[in-house]
1. Residues of the stretch 200-223 being over 21 Å from residue 114 (Cα atoms), of a type outside the set (A, V, I, L, M) and either in a helix (DSSP H, G or I) or in contact with a strand residue (DSSP E or B) (Cβ under 6 Å, 6 or more places away or on another chain) (or both), which ones?
2. Cβ-Cβ under 6 Å, sequence separation 6+ or interchain: first residue in the stretch 9-29 and crowded, with 22+ Cβ neighbours inside 10 Å, partner among the acidic types (Asp, Glu). Which pairs?
3. Restricting attention to the stretch 257-313, which residues are surrounded by 12 or more Cβ atoms within 10 Å (Cβ to Cβ) and of a type in the set (A, V, I, L, M)?
4. List the helices (runs of 4 or more DSSP H) inside the stretch 1-100, counting only whole elements, that have at least 2 residues being closer than 22 Å to residue 277 by Cβ, under 18 Å from the mean Cα position of the chain (by Cα) and of a type in the set (Gly, Ala, Ser).
5. Step by step: first the residues of the stretch 147-189, then only those that are among the hydrophobic types (A, V, I, L, M, F, W, C) and assigned to a loop (DSSP other than H, G, I, E, B), then the one that is surrounded by the fewest Cβ atoms within 10 Å (Cβ to Cβ). Which residue is that?
6. List pairs: first in the stretch 211-238 and over 25 Å from residue 189 (Cβ atoms), second of a type in the set (Lys, Arg), Cβ under 8 Å, 6+ apart or cross-chain?
7. Looking only at residues that are surrounded by fewer than 13 Cβ atoms within 10 Å (Cβ to Cβ) and of a type in the set (S, T, N, Q) in the stretch 114-140, which one is farthest from residue 76 (Cα to Cα)?
8. With the requirement that a residue be surrounded by 15 or more Cβ atoms within 10 Å (Cβ to Cβ) and of a type in the set (S, T, N, Q), what does the stretch 30-53 give you?
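Coordinate-derived values only; no laboratory data. All figures in this text were calculated on a predicted structure; none of them were measured in a lab. Here the Cβ positions follow ideal geometry from the backbone for every residue, glycine too, while neighbour counts run over all protein chains shown.
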Amino acid sequence: MDPNKLDNINIIFNSIGLIQATFILSFTALIIYIIFFKIASKTTEIIVLLVLCAVEIEIGLSMLVVSILKLAYGKEVMEAGTSLCYYNGFEYQLVVRLELIIVAFLSLMRYMIVCHSIIKSTKFWLISLAIGCLPPLIIFTYGAILHQDKPLPSYLSCYAFTAPNQISFIISCIIPFIYLIPCWVITFSYFCIGIKVNKRLNQMKAEANASGDTNMLKIIKLQKIKIIVQLTLVIILYNVNFSPSYISHILKLAIDYKRGPIFESISHFTKTVTFTLNPVLTITFQPELNHELSAILFKLNLKIKTLYLKIFK
């Protein structure tokens, strides 16, 4: 491909990456503030959310550093054999998968509480989470030991298992499932929660209709719209956004299909959108944290409106 086009791809998508990194770090800082200063009881969900926040900070910093370096020095800093390519092929590829696994555990916890009223101990969930994180940790640590990292066609990221041998082929077959399984768990859990909540809302709607409570009917309607929006985002973030990556990976294994830089950059972008919005969607399913976040945003909105009126009065 024309080097100038590759440069343009990197300028565009690393600029977007810079914005995404800033959002991730800012939103994560807000969540940490809410957890420590607004929520009194530190439930198991809150503790696991803190683990997610730690991973989000790592992702945000990684995206920030890589984006700044590539915008400053060009795509060449991601060439094979460079420290940045090695770092990206191990650290970034690992932490984004850990993030998805943690979100899957949080969705499963919420599903068990809402749908089955099952509450397990913090120790149980932390041990389960540690075990769940072992597969990507082992795979990408092994990749780091091999030190075979090469940039993907778009130069937006690097990949460790590039050698044409049987081990790389086997690991390349396993890696998609580290995305697939958490995405399936998240989709299943949140859809079950949505169905359960919708049934409760239908019962409340019948009672409100019987009593003629119009205010309650309006609240129920808004809640139903919220559920539809949440589940639509679940489908997009955890299924649609990963589809280009899944399809091209299957084609690569089947017919040795090679993704071009443009398709690769689109695939990379759709996945980073999921990693960026992961904590946002997770919070909407966590009532206590969602309530505190809504209150802060409401107060902030009032302050902005007041400031606007003062300036332009």
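1. The answer is 207, 209, 211, 214, 215, 218.
2. Here the result reads 24/56, each pair linking the stretch 9-29 to a residue that is among the acidic types (Asp, Glu).
3. 262, 266, 273, 277, 280, 281, 283, 289, 293, 295, 296, listed by residue number.
4. Numbers: elements: 3-37, 44-73, 83-87.
The qualifying helices (runs of 4 or more DSSP H) are 3-37, 44-73.
5. The initial filter retains those residues of the stretch 147-189 that are among the hydrophobic types (A, V, I, L, M, F, W, C), namely 152, 156, 158, 160-161, 163, 167, 169-171, 173-175, 177-178, 180-181, 183-186, 188.
Remaining after also requiring assigned to a loop (DSSP other than H, G, I, E, B): 152, 156, 160-161, 163.
On the way: 152: 19, 156: 26, 160: 27, 161: 23, 163: 12.
Going through the qualifying residues, I end up with 163.
6. 217/205
7. Looking at residues that are surrounded by fewer than 13 Cβ atoms within 10 Å (Cβ to Cβ) and of a type in the set (S, T, N, Q), I get 117.
8. Within the stretch 30-53, 43, 44 meet the criteria.
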